[in-house]
1. Over the range 658-771, what is the relative contact order in percent, taking alpha-carbon pairs closer than 8 angstrom and at least six residues apart?
2. Just tell me which lysines come within less than 23 Å, Cα to Cα, of Lys663; anything on the same chain fewer than 8 places away is out.
3. Search the structure for amide H atoms under 5 Å from the amide H of Tyr2, placed 1.01 Å from N in the peptide plane, and list their residues when 5 or more places away or on another chain.
4. Relative to the present Cα-Cα distance, how much length would full extension add between Lys278 and Arg118 at 0.36 nm per residue of separation?
5. Based on DSSP, what percent of beta bridges with both residues in the range 146-342 are antiparallel, to the nearest 5?
6. Could you list which residues have their amide H under 5 Å from that of Arg404, counting only those 5 or more apart in sequence or on another chain, with H placed in the peptide plane?
7. Please order Leu270, Leu516, Leu591 by the number of other Cβ within 10 Å, starting at the fewest.
8. Tell me whether the range 636-733 comes out rounded, prolate or oblate; compute the Cα gyration tensor, take square roots of the eigenvalues as a ≥ b ≥ c, and use a/c under 1.5 as the rounded threshold.
Amino acid sequence: MYSYIHDTRTGGLLLNSSPSKMSKEPRPVYAPELDALGFNRYWSYAKQSDTPYMWAEANRYIYRGRLVAMLKGGNLYQAPDILLAYECKEWRETPNGKATEKVVFDSPDKGDSFIDKRGNVFTLVLPEPRDLKLRPIDIPAMIEANRELLRRVTDSTVKKIVTVYEKYADKIDIFHVAFSGGKDSCVLLDLVKKSLPQKSFVVVFGDTLMEFPDTYDVIDATEAMCKAEDIPFYRAKSHLTPKQSWELFGPPSRTQRWCCSVHKSTPQTLKLREVTCKQDYTGLDYVGVRAEESLERSKYEYENYGKKIKGQRDHYSILEWTSAEVWLYIFSNGIPINAAYKKGNSRAGCLFCPMAGGVSEYIRGLVYSDDIQLYINLVRETSDKKFSDSRFKDFMNRGAWKTRGDGRYIAGNSRRFSEEIIDGKVIISVENPLSNWKEWIKTLPGEVKFDVRNTETGFVVTIDERDIRNNPSMGKIFRQVFRKTAYCSGCGVCAANCKNGRMSFEQGKVKITDCLQCLDCHKLPGGCLMFDSLKLPNGGHKMRAINSFNDHAPKTAWMESFFKDKEAFFMDNDLGPDQKVKFKVFLTDALLAVKGHYSPFAELIAKLGWDTDRALGLMIINLAAHNPQFAWYIKNLEVGQIYPQKKVIDMLRLDDVKETSAKSVAKSFKRIVEMPFGTKLNWGYVNDNGDMARTVCIVTDPRVILYGLYVYNEKANAHYEFRLSSLYENIERDGISPIQIFGLDRQTMVPILNGLTANFPDYINATFTNDLDKISLMEYHTPADVLKLFEEGN
């Protein structure tokens, strides 16, 4: 709510009456964190963990109002570098320029001072003189200085909690506090206790069984406190252990976040059904979500319906609180602090999470090494890659395990569901099904004619393609029935979605009785979380070498000749033998040539003007999908970042590309961006020093984006539905989204997608309302159908 400054007198934080725009999320820093990171080599302090010494904002450390250090780098196995602050009181850009103060961060090896290239003298910023120890923050004085503003924050929040309680008191079966043991939920619980009548709410801890070890100390203490105060406290956990679920689903990743549903929301829903004795209970959940935590949460409203748990209301009572206010409340009210924070963790969620990284991972690996090792072992054991110890360490350091988009490299994973169209028939093959299709078919609304033929290892389903095309919504559910059949292992998420109580699991096998066909059990990625996590791309594992062109990347003159001569180009051209071979690779991967002949796609590109941005955009979408060299550039060169050629070569070497080939791939980038791909589409450039960069492209025709989405969907096995936010994540999967290809940010993409939805509703429906973020493509269309839109409306 309020902004803050660092108080030089107390060493603490000082709220002021101006509203906060965007907090830097300060957190207190204790001795255990300083020890873990190695600050004890530079500063002296008492080894106590009762009172913090300073504050950290992200990777910057502030002592009594002065920046004193920052961290750089760091990963699971490598400590971040400590950079100390150096200050110049009269810094000048030029010898006669205007003087100003400047603080820089540099290696402690610089000593007490150094002189920069301009002659400016920088002096080391010492938190305290060398012979003195760091002073702890004066907590009582900090509390007193913030008493009045913190009271206003508290009173305003209590009023919100009471107001929403009174609004729904006669309409809700149960009010409950979602408790995690983190700082925000501890503050929220204390506020709810102050606000609501005794016995009017319960507390539910969603135990993922993957929490920080220190969190369980907070949980035990909170449960005992609730018991003493006659507040019902419940623990909700999955019937699956983390080891079991990781072995079933494969490790979670930044897009395969099945863990949240399996280990968090589903157990809480089932527990509240048990508590209320109602399958279709209505609840209001007080949740400690804050807008300052992320850009996505900054768009939240205090009250919402169905954001966390389907069919339930949430109230984000401390939504506008800053981290500064949370910590001040904790210190002011004597709320126990999770020891995980004192050890240097900014959050206290799951111990080994694909969303974490950098310094956070290093701290966790150092402080909780034995607990972390369990998950590291699971990553290795569930992978079909054969790692040496050094290669596996590099794999983990790079965070490569977090990028999994499908089940391609999961050990023992085999294709259980496949689909093809032959002679007007959709043929679905299910191998070694884990459940009974006759149960799941009960969820399909209406009568559908199809045939089932048993095989030695499963069965084959045949349905008329016209039935699917004429009723695409039915077709989607029909496919999902057999995906569920193939992969269902009884995780319980579908049962949690079924508020009518028609679904149960007996010994892990689904049982459906008197289904109402509400379809809530189908509202999961791909229809089944386990299918979505283990799905295999159509192309299997085989990959071509990254070095597609050797030293013969295409040139503008070759393209001009190709589009001028068309079919005759293949019979007679001026290219050398090696150039012909490599240019044919380019033409084939761009779909401009098919089996050595001028393709229908090339005819369309010629009509559009091959060097226009829309034609170039269509071509580069195909190249991203089919050419490993273009795909490597897109996945590895971040838009807007400059890469020295040596750096690019080193990156390729890490991907097992031989040195000569790596040099060729790096050199080819210049040839490519000297073509209209760089000069008109603005796909990238190379400067005079040989440094290269990808840039934000010029895409004037939204249909190019639509084509890119359909190509991506086909390559990535995305099943015609995905989140816009997931397309920005560089995950391990077949297919590259047009967002990555063209470097377009969300602010650019949302209007494009909304426009496509309005102009081509038979092809796409994009939703960005009420915090929903979903793109749905129509299953009866293909990339070829999108290209027809260009032919119809050139």
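Just so it is clear, none of the values below were taken in a lab; they were calculated from the coordinates. The shown structure was predicted, so the numbers you read here are calculated from the model rather than taken from an experiment. Glycine gets a Cβ as well: all are built from the backbone with ideal geometry, and neighbour counts include every protein chain shown.
1. Contact order relative to length: 17 percent.
2. Once the sequence-local lysines are set aside, what remains near Lys663 is Lys555, Lys580, Lys582, Lys584, Lys635, Lys646, Lys647.
3. Ser20, Thr322
4. Length gained, Lys278 through Arg118: 50.2 nm.
5. Of those bridges, close to 15 percent are antiparallel.
6. Placed amide hydrogens put Arg254, Glu732 under 5 Å from Arg404.
7. Going from least to most buried by this count: Leu516, Leu270, Leu591.
8. oblate
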